[in-house]
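Chemist: Below is the structure I would like to discuss, written out as structure tokens.
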Amino acid sequence: MGSRRLSIGGSSSFRSDVVCAIDREAEWPFGRVDSLDRDNLRETAYELFFASCRASPVLCAGRNHPVIYYPDAPPNASGDGPRPGVGMVGTSRIKRALGLRPAAHNRRPSQRRAGNRTPIGSMSPNPMMGRARRPMTSAELMRQQMRVSEQSDKRLRKTLLRTLLGQAGLVLHPSVPLDRTSNPHVARLHDIVRTSEIRPVDTGRGSDAMKTLCSSVIALAWRTQSDACHWADGSPLNVHLYLSLLQSVFDVRDETLVVDEVDELVELMRKTWPTLGMNRALHNLCFAWVLFQQFVTAGRAEQDLLGAALAMLEEVASDAKKGEYNREGGGAYVKVLASAMASMQGWAEKSVLDYHECFGKGGVGLMECVLSLALSTSKILEPVDPVESRVDYYIRSSLRNAFNKVLEIEGEEGTSESLVALATETEELVLREKEHFSPTLKRWHPTSAAVAAVTLHNCYGSVLKQYLSGVTTLTNDVIRVLNTAGKLEKVLVQMVDEDIADCDDGGKSIMREMLPYEIESIVLGLIKTWIDERLKRGRECLSRAKDTETWSAMSKMEPHAQSAVELMNLAKETVEEFFEIPVGMRDDLVQDLADGWEGIVRDYTSFMDSCGSKQSYIPTLPPLTRCNHDLKIRRLCMRAATCNAGYSDHNHHHTPDNEPRPTMSRGTHRLYVRLNTLYYLLTHLHHLDNTLSPRFPNSHRRRFSTTSTTTATTSSSSYFETARSSIQSSIHHVSEVAAYRLVFLDCNHAFYETLYRGDVASARVHPALRALKQNLTLMTSILTDKSQPLAVKEVMKASFEAFMMVLLAGGGDRAFSEAEQSMVAEDLGSLKRVFAVCGEGVVAEEVVEKEAEVVEGVVGLMGMGTVGVIEGFKRAAWEGSGMGMVVGEEKVVPMPPTTGRWNREDPNTVLRVLCHRDDVVADRFLKKAFQLPKSR
């Protein structure tokens, strides 16, 4: 037996609150003997022991080398110190090899005091109390340890002394079946037993019944054809009996202690080996089991017992390796060995598979012993099973069990709070593993801490994955869970990195098991989903606007459309919530959000921009005709028409108090609400841009060009530059359409239809100016301050356009002479002043002058002489066409195209001045050059 003592570590005892699941009983591995209880087995074992030792001199008290033993009295008043005679016995070789200390030093104070009491089964008190008691022999110690009374011992002696020397009894529990038909001794033994149940058997020395009994028993005891006469014919009875003998090595006063005289007791027990069919290998196995069982059943308070069992298992392993079981009874040994190792392994693995639950801070030393037991028995059962793989299995199992227990408490509901709490508990669990258990586990597994971290990482990862499967949008609770999971993952990864630093493969095999949580990717996906949902709400808002928007102002204080307010409020809310998400945002996410809203704003802008065009309000140009120069008749007729028209206009467009009222239509009013809405949109888009840009000053707005097959990317300081450009373009378009509608539709009766019709002097511009002023006043009351300048400017341009159309395309009812040009010029000045004084500098005077230059050029052309106008027209027409022809000696003047871009250099403009010239020379030229008919 090896002399190395197992290093236990820590205290030899442990608190009951530290260990919980270890308190399970071990499964009995040696089969059942239903007909005998524990007391019967003990008494039978003692009888066997006594019979086997009957020739030994120790049977007689006080003779032949007695063992000094005083069980009844302590050495001093306090009861401490070694028992009398221990020094004479000497240090036990077995206890030294098993790492067990002397029993006297291990006994607790209460147990030492109990030494004054007479032990169970001890001899009756000696009448000579004053004398020193004689030493107790090994046989007497054995009797006391096996709790056999003196009366039973005496009765046994008398019985056995009557037997013949070398003969023995037989217990009817053979492992080899008895065949009554082929073995006559079996039949005779059964007859004797059956007869004894009816009447007493004659036990006289010379009786036939006793002779028959002895011959049958001896024949059956030797029937195994071995060199031993067996008391019990094999397992499990022989093992049960031997275990009962081995149980006597534990002190009756403290079952957690092995008596110091264990060497002598075991030596005596060896005498039973031939009778029980035992050998050294089976003895070692049984002794290991007894030590282990005593540790389990006697309160688990003496860790040295488990260490001793481990030391014995080394001997068992050596026996198994050497093939000791191949000797006598080898088949039975293999069976018993497998059963016992499986039982011990099962008991140990129930604890080590859940060592977090079974062992607390004070139980790490015990865990080392239990783990050694599990590995030792596993190695005996499966010599090729690598120790590291078993420990790996234990670590993973224990961590999963510990995690599941935490999960039952914290994370079963699957809420955000439970996931956060679970992550915190998991971090504490892995730190506890690293601090308390990993240093011990490293003895068998060099990367035990890494395995634990990977196991917990995967456990929490599964719960996190299940949680995220039900997450459809990003919330603060979800972010908190992900942040906590990310923190946990960093702790676990760091623990793995530290533990695998010295691995041969760099820990690649372990790291491959650690599937990353990919928190950043998950957050990115959820943020993108969140952005998509918000953009979806924006598109839904836009869709509702297209279906329900009527372009009515919300109020005088909010002269814009309700749909724009809803849309921009939603955009503002989205941006604010976006920056409230407690994660670091990347530039591309901000850009995605900005691009999405820019697209929605551009669609909304296009929706507002779809309001027609100015061309739909410009009157159709009448055909070119020559002016009828029968002035007297024409003017009289036109005067009468003008008077009637003026009377009708007065009654139709004036209020009862003789004040003109605005003629702006509802459609024009809605166009100006659109214009306000565009400016509102532009302002709030600027605010959004200011919200985004300061937080990401280094971010650049992406630009994509599709003008070529490659994508060109440029940068801009604004996130909404394209939307801004679209809004600006729409502002100009809506302003222009509204202006032309106001002038050519709403002011048409006072302007284009009436001005200069029939006679210049009687149809001046003042009625048109009054209507225009009223509409301008109403328009400025509708528009916001930002909207007014462009809107008024566009009305001015439309008014100048209408004024020129009256002069150039007014039809046959309008004719102008050189003398009337001054009145036209005066009216133009009045028209200019309307815009120059509109509002408080809404349109600058220089802007008015610039826009009026073209009209003034046309009016100036009307004051020129007819011949000069004709010559200028010819030059412009020839130069414009580049294809003048000569017929005879004269050039043919080409008909210039109508471009609509009126100016005094345009040949078509000059031609129209001639067509409206009330002059004979002009009339003749037009007839000759172009065969134009007279107006009717």
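The values are calculated or read from the model by the stated rules, or taken from the named source; none is laboratory data. Values in this document were obtained by computation on a predicted structure and should not be read as measured data. Counting neighbours? That spans all protein chains shown, and the Cβs are built from the backbone with ideal geometry, glycine included. To get the accessible areas, we keep the full protein, side chains included, count just its heavy atoms, and leave off ligands, DNA and RNA. Shrake-Rupley method; radii C 1.70, N 1.55, O 1.52, S 1.80 Å.
Chemist: So if we plug the beta-carbon distance of Ala501 and Glu573 into 1/(1 + (r/R0)^6) with R0 = 51 Å, what FRET efficiency do we get, rounded to 0.05?
Modeler: The value I calculate is 0.50.
Chemist: Could you check how much of the accessible area of the stretch 774-830 is carbon and sulfur, as a whole percent, using a 1.4 Å probe? The partial results should precede the final answer.
Modeler: On the way: 820 of 1660 Å².
After summing per-atom areas, the C and S share lands at 49 percent.
Chemist: In addition: Accessible area per residue, 1.4 Å probe, Å², for the stretch 723-803: what's the number?
Modeler: 31 Å²
Chemist: Additional query: State the answer as a single residue: which of Val575, Ser563, Trp530 lies farthest towards the positive end of the charge dipole of the stretch 525-588, with beta carbon charges of +1 for Lys and Arg and -1 for Asp and Glu, about the Cα centre.
Modeler: Of the candidates, Ser563 comes out farthest on the positive side.
Chemist: If you roll a 1.4 angstrom probe over the protein chains with everything in place, what fraction of the accessible area of the stretch 576-617 belongs to carbon and sulfur, to the nearest %?
Modeler: That fraction is 43 percent.
Chemist: Which FRET efficiency value, to the nearest 0.05, is calculated for His686 and Tyr393 with the Förster distance at 56 angstrom and r the Cβ-Cβ distance?
Modeler: 0.30
Chemist: Which percent of the accessible area of the stretch 503-553 is formed by carbon and sulfur heavy atoms (probe 1.4 angstrom)? Before the final figure, lay out the partial values.
Modeler: Details: 1500 of 3040 Å².
Carbon and sulfur: 49 percent of the exposed surface of the stretch 503-553.
Chemist: Counting only protein chains, not ligands or nucleic acids, how are Met805, Met557 ordered by accessible area (probe 1.4 Å), most first?
Modeler: Correct descending sequence by accessible area is Met557, Met805.
Chemist: So what is the relative contact order of the stretch 361-507, in percent, for Cα pairs below 8 Å that sit 6 or more residues apart?
Modeler: With pairs under 8 Å counted, the relative contact order is 29 percent.
Chemist: Could you name the lysines whose alpha carbon sits less than 20 Å from that of Lys405, not counting residues in the same chain fewer than 8 places away?
Modeler: Within reach: Lys350, Lys361, Lys434, Lys465.
Chemist: Another question about this same structure. Can you give the extra length, in nm with one decimal, that the chain gains between Val471 and Arg512 once fully stretched, where that is 0.36 nm per residue apart less the Cα-Cα distance?
Modeler: Extra length from Val471 to Arg512 when fully extended: 12.0 nm.
Chemist: Using modelled backbone amide H atoms (1.01 Å from N, in-plane), which distant-in-sequence or interchain residues come within less than 5 Å of Val892's amide H?
Modeler: Correct list: Met885, Val886, Val887.
Chemist: Something else about it: Per residue, how large is the accessible surface of the stretch 269-377? Use a 1.4 angstrom probe and give square angstrom.
Modeler: 29 Å²
Chemist: Report, in whole Å, the centroid distance computed from the Cα atoms of the stretch 713-779 and the stretch 378-410.
Modeler: Computed from Cα coordinates, the inter-centre distance equals 86 Å.
Chemist: Under 22 Å from the Cα of Lys797, which lysines turn up, not counting those fewer than eight places away in the same chain?
Modeler: Here the lysines satisfying the reach criterion relative to Lys797 are Lys614, Lys773, Lys786, Lys832, Lys850.
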